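Here the structure comes first, spelled out in structure tokens, and everything after it is commentary.
Only the coordinates and a few stated rules stand behind these numbers; no lab work does. It should be emphasised that the depicted structure is a prediction, and the values quoted were computed from it without experimental measurement. Every residue, glycine among them, receives a Cβ derived from its backbone with ideal geometry; neighbour counts consider all protein chains shown.
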Ligand SMILES: NC(=O)c1ccc[n+]([C@@H]2O[C@H](COP(=O)([O-])OP(=O)(O)OC[C@H]3O[C@@H](n4cnc5c(N)ncnc54)[C@H](OP(=O)(O)O)[C@@H]3O)[C@@H](O)[C@H]2O)c1
């Protein structure tokens, strides 16, 4: 397939290289031209003069730049750079696939701009590190019109080992990606607080990890809680919410004795108190996760 690839940072370079290895023809553009030239030298790919140049003649053009501002700059030309933006080079009916982790709002703006130009747009943020991109083992979160997703499937199949199709509105894929990253970010802090608590009592972080790997972190345990919360299925309780509050209090107390601040645990304590105030003390402790009011989109 004739492809364009814009943004050759850690992720983009690895994904573009994987597409080239799979035999696709790829026109490359990167703000810092030297990275495009390095990849072109080892692969025989063409270096384009601008994002529009990478898009011209391509059936699918992919972007993997840092953030909202960088994406708007290369696609719509909203930055202060001189380079002609992607939207001016992409042919009517051709597809822009945004791989970056960007906001649903900017994704929606891109969708509207591409529609107005008679072009197709798909949001396909990815999960996985550059080494997974290099092996073609990313998880692709794709949303956009079904026939356009079908056209992009051969590309997703090269950079990823699994594609989740998340509906017709591109911004949905971006919402899922930021939600998934939030789960990971929260886990990082939780690890930090739990390790510090164990270390406060002379236990190595590695010893705690060994326990967690045999229990709380087992995939089936995480999966069971994930499903319970997704379905709001909290009765009967496997572990009563009131006892969950007791255990968070125990962690905070043990932390206090070790002069350890546990900011996330403090937030959790408040969240359990909200659940108790709502009368959920005898439901499963996972019911706490569903006590925040929120709006559900149609
Ligand atoms: N790294 C990961 O593990 C990972 C995993 C999943 C998703 N992601 C997401 O993938 C995207 C790329 O991440 P990365 O790790 O490849 O980042 P990176 O290594 O920092 O590369 C950033 C890329 O964006 C370009 N860029 C930045 N600002 C720009 C601007 N104003 N105009 C044009 N180009 C601009 C950079 O060009 P220069 O070379 O000129 O600086 C570079 O090509 C991000 O949205 C990130 O959140 C990353």
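Taking the stretch 136-209, how much of its Cα-Cα pair set, in percent, is spaced more than 15 angstrom apart?
65 percent
Hey, what number do you get for the chain at 222 nm if only DSSP H runs of n ≥ 4 count, each worth -39500 (n - 2.57), divided across all residues, to the nearest 500?
Helix contribution divided over all residues of the chain: -16000 deg cm²/dmol.
Once the convex hull of the C-alpha atoms of the stretch 90-216 is built, how many Å³ does it hold per residue, rounded to a whole number?
Cα convex hull per residue, to the nearest whole number: 120 Å³.
Need one number: % antiparallel among DSSP beta bridges in the chain, to the nearest 5.
15 percent
Could you give log10 I(q)/I(0) at q = 0.14, 0.16, 0.24 Å⁻¹ for the stretch 225-298, computed by the Debye formula over C-alpha point scatterers of equal weight, without solvent?
For the requested q values the scattering log ratios are -0.48, -0.60, -1.06.
Using only C-alpha positions, report the orientation-averaged shadow area of the convex hull of the stretch 88-158, nm², one decimal.
Orientation-averaged projected area of the Cα hull: 4.9 nm².
Could you compute the FRET efficiency for residue 221 and residue 117, with r as their C-beta to C-beta distance and R0 at 41 Å, rounded to 0.05?
Computed FRET efficiency for residue 221 and residue 117: 0.30.
Starting from a Cα-only point model with no solvent, please compute log10 I(q)/I(0) by Debye for the stretch 72-113 at q = 0.14, 0.19, 0.30 1/Å.
-0.32, -0.59, -1.22
Quick one, can you get me the convex hull of the C-alpha atoms of the stretch 34-90 expressed as volume per residue in Å³?
For the stretch 34-90, the hull spanned by Cα atoms encloses 88 Å³ per residue.
Would you mind checking the tilt of helix 10-21 against the longest principal axis of the Cα atoms of the chain, expressed as 0 to 90 degrees and rounded to 10?
50 degrees
What distance in nm lies between label points placed 7 Å from Cα along the C-beta direction at residue 206 and residue 247?
Roughly 2.7 nm, to one decimal.
May I ask you to derive the FRET efficiency for residue 34 and residue 67 from their Cβ-Cβ distance with R0 = 25 Å, giving the value to the nearest 0.05?
0.70
Please arrange 257, 98 by how many other C-beta atoms lie within 10 Å of their C-beta, fewest to most.
Final ranking by Cβ density, sparse to dense: 257, 98.
Give the span of the stretch 22-63's Cα atoms along each principal axis, as three whole-Å numbers ordered largest to smallest.
Principal-axis extents of the Cα atoms in the stretch 22-63, largest first: 24, 24, 14 Å.
In µm²/s, what is D for the stretch 1-105 at 20 °C and 1.002 mPa s, where D = kT/(6 pi eta Rh) by Stokes-Einstein and Rh is the Kirkwood radius from Cα pairs?
Result for D is 162 µm²/s.
Determine how many Å³ per residue the convex hull of the Cα atoms of the stretch 160-298 encloses.
143 Å³
Take residue 46 and residue 103, extend 7 Å from each Cα along the Cα→Cβ direction, and tell me the distance between the two endpoints in nm.
Taking the two extended label points, one gets 3.6 nm.
Springs between alpha-carbon pairs under 10 angstrom, Gaussian network model over the chain: which of 258, 180, 117 fluctuates most?
258
Among 128, 53, 136, which one shows the biggest mean-square fluctuation in a GNM of the chain, springs joining Cα atoms closer than 10 Å?
128
Relative contact order, percent, of the stretch 9-91 when contacts are C-alpha pairs under 8 Å separated by at least 6 residues?
Relative CO of the stretch 9-91 lands at 27 percent.
Could you check the simple spin-label distance between residue 264 and residue 292, using points 7 Å along Cα→Cβ, in nm with one decimal?
1.4 nm
What Kirkwood Rh does the stretch 46-122 have if only Cα atoms enter the pairwise 1/r average? Answer in Å.
Evaluated over the stretch 46-122, this radius sits at 12.1 Å.
How compact and how long is the chain, expressed as Rg and Dmax of its alpha-carbon atoms in Å?
In Å, with Rg to one decimal and Dmax whole: 23.2, 66.
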